[in-house]
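Right, one structure below, let's go through it.
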Amino acid sequence: MKPYTVKPAQGVRGEISVPGDKSISHRSIMLGSLARGTTTVRGLLRGEDNMSTLKAFQSMGIETVDDGETLTIHGKGLHGLTEPTDVIDCGNSGTTIRLISGLLAAQNFFSVLTGDQYLRKRPMKRVLQPLSLMGAIIHGRAGGDKAPLAIVGQKLKGISYASPVASAQVKSSLMLAGLYADGETRVMEPSVSRDHSERMFRHFGADVASIPGGVVVRSGNELEGREIVVPGDISSAAFFIVAALIVPGSELLIKGVGVNPTRTGIIDILTAMGGSIELLDCRELSGEPVADLLVRSSILKGIEIGGDVVPRAIDEFPVISVAAACAQGRTTIRDARELRVKETDRIAAMAANLRLAGGCIEETDDGMVIEGVERLNGCAAESRGDHRIAMSMLIAGLAANGPVTVDDTECIATSFPTFTALLEKVAC
Ligand code: S3P
């Protein structure tokens, strides 16, 4: 347990950069390992989740050198991984376990994946079921739905799969399996989830095509080592965007943020609520769009959120619920049932925490209804071991009328190890 307290702020001001994008960092380690030759990654997020991915590949024979600025990966080609001699521990990282399940299903060796107490509760059938249609042999607890998972690598065959959930983890797991499967692997999804895998597969020379509503991967192409620059994580920037919007007297410049359209739901939602967010100096880094974000305090209004924007903002709902609690009127969030199976049940966790802070919030099956209040109260909040719940409640503390203490903030290191340092830098 590592409690942390935030006091009410008079403003959030200055200029910051947030660490590298977590999703892109995972994929750069994975594809760099599977490519022939050297891959260099600048701006890599060195959070615990990405280190779980890095250690997994090291345990399969991949050599890497990290000088603190650049991670160099000595890739061994698509067929260069070796059988790990021990269980692979994916820690808290859903992306690590779900993506590498697809990859390991296609190797000619045996492997076992596990994770921490939270990850071992999360559903895995969403990837294991389509992988089994490709011929994968994977056993898990709870009838094959929970880690630990035991994988007996096989020759796989391509399938055409319509995923019932819009999930980049499901899509990417099947895409990785598809690099090895006979023929083509087609994944369709009900609405577009983040497309970092598609972009990075292309960058490394894989045979991949985006089609309306999905993606097709064909096996056969070797991947070639590349130079990658990882943009700042919009999901980390989101906490500071909301902070600057809800604390009066704020003006904050967040430099070098990834603004891939499959991730900018947070900007669309907060702008629709009346937030002032300007995109400056739009540019491109390693096939990903990037911009600086200028955010000024704004009077926010409640809105209705649902449909296709939800997967484009899926990790931001905890902090969006904080913005909604500080807005005028009612915000309704629908179509966000996926929040119940994240690092914790984020609907239940935010409803409970915002109520502790005097917020007016009702849980629904697939979202929440939030009535804005004049001002949140100081309170003792509970992270439930979830980094985004911890950071969201600390942001709430900046705009509250008294201090907010979050009981357990160690989890923040999974995605944003420098969060509290940056908060102390910009909160006046
Ligand atoms: C991620 C996909 C999303 C997201 C997670 C990272 C990824 O999960 O919530 O934080 O890197 O592919 P789902 O695919 O389960 O929606």
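The values are calculated or read from the model by the stated rules, or taken from the named source; none is laboratory data. Everything numeric in this text was worked out from a predicted model, so none of it was measured. No Cβ is skipped: glycine too gets one built from the backbone with ideal geometry, and neighbour counts run over all protein chains shown. Note: accessible area is taken over every heavy atom of the protein model, side chains too, but ligands, DNA and RNA are not part of it. Shrake-Rupley method; radii C 1.70, N 1.55, O 1.52, S 1.80 Å.
The numbered conditions (1) open to solvent by less than 60 Å² (accessible area, probe 1.4 Å); (2) within 16 Å of the ligand (Cβ to nearest atom) are all true for residue 104 except (2). For residue 153, the test of being at positive phi and either within 16 Å of the ligand (Cβ to nearest atom) or of a type outside the set (A, V, I, L, M) (or both) is failed. On the given criteria, is residue 275 crowded, with 19+ Cβ neighbours inside 10 Å and touching a Leu at 6+ places or on another chain (Cβ under 7 Å)? The answer is yes for residue 275. For the stretch 130-139, the tally of residues that are closer than 16 Å to residue 99 by Cβ and either part of a helix (DSSP H, G or I) or open to solvent by 10 Å² or more (accessible area, probe 1.4 Å) (or both) stands at 4. Given the structure, is residue 312 within 16 Å of the chain's Cα centre (by Cα) and of a type in the set (Lys, Arg)? So residue 312 passes the test.
Identify, please: which residue in the stretch 407-428 is in a helix (DSSP H, G or I) and touching a Leu at 6+ places or on another chain (Cβ under 9 Å) and is, among those, most open to solvent (accessible area, probe 1.4 Å)? Restricting to residues being in a helix (DSSP H, G or I) and touching a Leu at 6+ places or on another chain (Cβ under 9 Å), the top hit is 420. Just one of the listed residues (136, 181, 168, 142) is within 16 Å of the ligand (Cβ to nearest atom) and not polar (S, T, N, Q), namely 168. The condition (being within 16 Å of the ligand (Cβ to nearest atom) and basic (Lys, Arg)) is satisfied by just one residue among 312, 355: 312. Would a scan of the stretch 316-324 turn up a residue that is open to solvent by less than 40 Å² (accessible area, probe 1.4 Å), touching a Cys at 6+ places or on another chain (Cβ under 7 Å) and not aromatic (Phe, Trp, Tyr)? No, that holds for no residue. Consider the stretch 342-364 and keep the residues that are under 20 Å from the mean Cα position of the chain (by Cα) and crowded, with 16+ Cβ neighbours inside 10 Å. The one that is farthest from residue 382 (Cα to Cα) is 342. Within the stretch 11-39, the residues that satisfy the criterion of being out of contact with any Ser or Thr (no Cβ under 7 Å at 6 or more places or on another chain) and of a type in the set (D, E, K, R) are 15, 21, 36. Remark: pairs (first residue in the stretch 15-40, over 19 Å from residue 99 (Cα atoms); second residue charged (D, E, K, R) and assigned to a strand (DSSP E or B); Cβ separation under 7 Å; 6+ apart in sequence or on different chains) = 15/255; 17/255; 36/224; 37/224; 40/227. Scoring residue 289 on the criteria (1) open to solvent by 70 Å² or more (accessible area, probe 1.4 Å); (2) assigned to a strand (DSSP E or B) leaves a single failure, condition (1). Within the stretch 117-129, how many residues are touching a helix residue (DSSP H, G or I) at 6+ places or on another chain (Cβ under 8 Å) and in a loop (DSSP other than H, G, I, E, B)? Total meeting the criteria: 3. Name the residue that is least open to solvent (accessible area, probe 1.4 Å), counting only residues in the stretch 1-21 that are among the basic types (Lys, Arg) and over 17 Å from residue 413 (Cβ atoms). Selected residue: 13. The residues listed here are 286, 321; of these, the one that is closer than 18 Å to residue 375 by Cβ and either within 16 Å of the ligand (Cβ to nearest atom) or in the same structural domain as residue 263 (by TED's automatic domain parsing) (or both) is 321. All of 80, 32, 20 fail the test of being in contact with a strand residue (DSSP E or B) (Cβ under 9 Å, 6 or more places away or on another chain) and within 30 Å of residue 243 (Cβ to Cβ), apart from 20.
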